[in-house]
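I have placed the structure first, in the form of structure tokens, so that the comments after it can refer back to it.
Nothing in this text is a laboratory measurement; each read-out follows from the coordinates by a stated rule. Values in this document were obtained by computation on a predicted structure and should not be read as measured data. Using ideal geometry, Cβ is built from the backbone for each residue, glycine included, and neighbour counts are taken over all protein chains shown.
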Amino acid sequence: MAKFVTRPEDIKFVTELLQKELFLDAAEVVFDGVPQADRRVFFQDVFAVPRFKASDYHAAIQGINAKIVITTNYDQLYEEQCGALAAGRGYAVRKYNDRNILNDVRSKDNLIVKAHGCVNNTDALILTRSDYFKIKKEHWQFYNVLDSLLTVNTVVFLGCSMTDPDIQLVLENTNIAASSDHTHYAVLPKGRHPALLRAMENSYNIKALEYDYDAAGGHSVLYDSLVDLKSRIDDVRQVLI
């Protein structure tokens, strides 16, 4: 933030927005008037230059071998984990502005959808409130695909706070247009008020699967659960084969 916001009153305002989890508004203030070239350098420095490596969690998620994974992350860690950065590896990677996502949904390859863009094209990252408006206006076909996927599939949300306004809107629209007794699921750490969990289920048709933080305040319980899920899925696949 300090790179682009220098006035004390603006720093104070952005800090207050972050504390209230108004992330879109905070990003709007931080990047207001910032030249595209400077934004490009900033995102490359944050997401590409450090050369982060995929974690055990990425490996555990890949092990589940879901046909379609949708991520709002800009980094390429999951693609790296899957070996999907090279063609012909059994994975297709598509961004919200790609026109052939539906073809890949129907193909035999696994599909990774970058719903908010990718660091390999920093000019097309979705970050501010203005960006969200632009994607809805110019890439409505992408939302048609998302609506369809959420309508006909059971979706599991992992590592997602469920506060993303983009995801919320899609879920609300889907739940209104095609309500179902079969819920989606969000894996979340414990701590949310029961009233908020009920509101999530009523508004988005999502049931929360809560887990406890470990003694160090980490998410090892989630990792162990993902490994156990993979084992159970493998057992089912053996029967089906």
Give the aspartates and glutamates reachable from LYS114 as a straight Cα distance under 19 Å; neighbours fewer than 8 places away on the same chain don't count. ASP75, GLU79, GLU80, ASP98, ASP104, ASP123, ASP131, GLU138, ASP147, ASP164, ASP166
Under the rule of -39500 (n - 2.57) per DSSP H run of 4 or more residues, summed and divided by the residues of the chain, what mean residue ellipticity at 222 nm is obtained, to the nearest 500 deg cm²/dmol? -14500 deg cm²/dmol
Suppose each label sits 7 Å from its Cα in the direction of the beta carbon; what would the GLN36-LYS108 distance come out to in nanometres? 4.0 nm
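Is the shape of region 35-84 best called rounded, prolate or oblate, per the rule: a/c under 1.5 gives rounded, else a/b larger than b/c gives prolate, else oblate, with a ≥ b ≥ c the square roots of the Cα gyration tensor eigenvalues?
Details: a/c = 3.64, a/b = 2.15, b/c = 1.70.
Prolate, since a/c reaches 1.5 and a/b exceeds b/c.
Kindly identify region 140-241 as rounded, prolate or oblate by the Cα gyration tensor criterion: order the square roots of the eigenvalues as a ≥ b ≥ c, call it rounded if a/c is under 1.5, otherwise compare a/b with b/c, prolate if a/b is larger, else oblate.
Because a/c hits 1.5 or more and a/b fails to exceed b/c, region 140-241 counts as oblate.
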Projecting the Cα atoms of GLN36, ALA86, LEU17 onto the charge dipole of region 1-124, where Lys and Arg contribute +1 and Asp and Glu -1 at Cβ, the residue farthest towards the positive end is ALA86
With the 8 Å Cα cutoff and a minimum separation of six or more residues, region 80-214 has a relative contact order in percent of 16 percent
Normalised by the number of residues in region 129-206, what is the relative contact order in percent for Cα pairs under 8 Å and 6+ residues apart? 34 percent
Run through region 17-122 and list the chymotrypsin sites (Phe, Trp or Tyr not before Pro) located in a DSSP loop whose Cβ has at most 14 other Cβ atoms within 10 Å. PHE52
Overall dimensions of region 1-116 by Cα: Rg and Dmax, Å: 17.7, 54
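Mean separation of Cα pairs under 8 Å and 6+ residues apart, divided by the residue count of region 25-127: what relative contact order is that in percent? Could the numbers behind the result be given before it?
Details: 119 pairs, mean separation 31.8, N = 103.
Reported relative contact order: 31 percent.
Between the DSSP loop rule and a limit of at most 13 other Cβ atoms within 10 Å, which GluC sites (Glu not before Pro) in region 1-65 are left?
Numbers: sites: GLU9, GLU16, GLU21, GLU28; in loops: GLU21.
Sparse-neighbourhood loop GluC sites (Glu not before Pro): GLU21.
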To make sure I understand the rule: partners must be lysines, Cα under 22 Å from the Cα of LYS108, and not fewer than 8 residues away in the same chain. Which ones qualify? LYS67, LYS95, LYS230
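Filter the trypsin sites (Lys or Arg not before Pro) in region 1-81 down to the DSSP loop ones having no more than 15 other Cβ atoms within 10 Å, then list what survives. Mind dumping the intermediate values first?
On the way: sites: LYS3, LYS12, LYS20, ARG39, ARG40, ARG51, LYS53, LYS67; in loops: LYS3, LYS20, ARG51, LYS53, LYS67.
Hits after loop and neighbour filter: LYS3, LYS20, ARG51, LYS53, LYS67.
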Taking +1 at the Cβ of each Lys and Arg and -1 at the Cβ of each Asp and Glu, which of THR72, ASN121, VAL105 sits farthest along the dipole of region 66-143 towards its positive end, judged by Cα position relative to the Cα centre? VAL105
Taking Cα centroids, how far is region 97-137 from region 9-58 in Å? 19 Å
With label points built 7 Å along Cα→Cβ from the Cα atoms of LYS67 and LEU85, find their separation and express it in nm. 2.9 nm
